[in-house]
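Asker: My questions will all concern the structure given below.
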Amino acid sequence: MTQPERSTHQPAPRNLTFRKSSYSGANGQCVEVAGADGSRWVRDSKNPLGDLLYFTDAGWTQFLRSMKTGTFD
């Protein structure tokens with residue numbers, strides 16, 4: 001499995017629109033995702049000004065596939 005790309009040096013585009021999954025509960029333990037220019041940005045909903053995770057389209061697809069198959073369980 002390829003690892004998701006994480007970069008603190010990749011500048012985030014301005015005016016990203018983050019959204020939570022409809023499966024998120026009210027407990028505040030959520031992540032939010034924004035898409036821009038063929039990439040995905042992920043942040044912790046409790047800390048919206050904190051670090052962002054960066055994924056290329058291919059990395060995001062692999063990450064989702066790995067989540068669905070239980071790779072991280």
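Asker: Could you grab the relative contact order for the stretch 14-73? Cα pairs under 8 Å, six or more apart, rounded to a whole percent. Intermediate values should be presented prior to the final figure.
Answerer: Working: 67 pairs, mean separation 13.0, N = 60.
Once normalised by length, the contact order is 22 percent.
Asker: Taking the mean number of other Cβ atoms within 10 Å as a proxy for protection, how do you rank 48-54, 14-20 from highest to lowest? Can you show the working numbers first?
Answerer: Details: 48-54: 13.7, 14-20: 10.4.
With the highest mean Cβ count within 10 Å placed first, the list reads 48-54, 14-20.
Computed from the coordinates by the stated procedures, all read-outs in this text should not be read as laboratory data. Keep in mind the model is a prediction, meaning the values are calculated, not measured. Here Cβ is always computed from backbone atoms with ideal geometry, including for glycine, and neighbour counts include all displayed protein chains.
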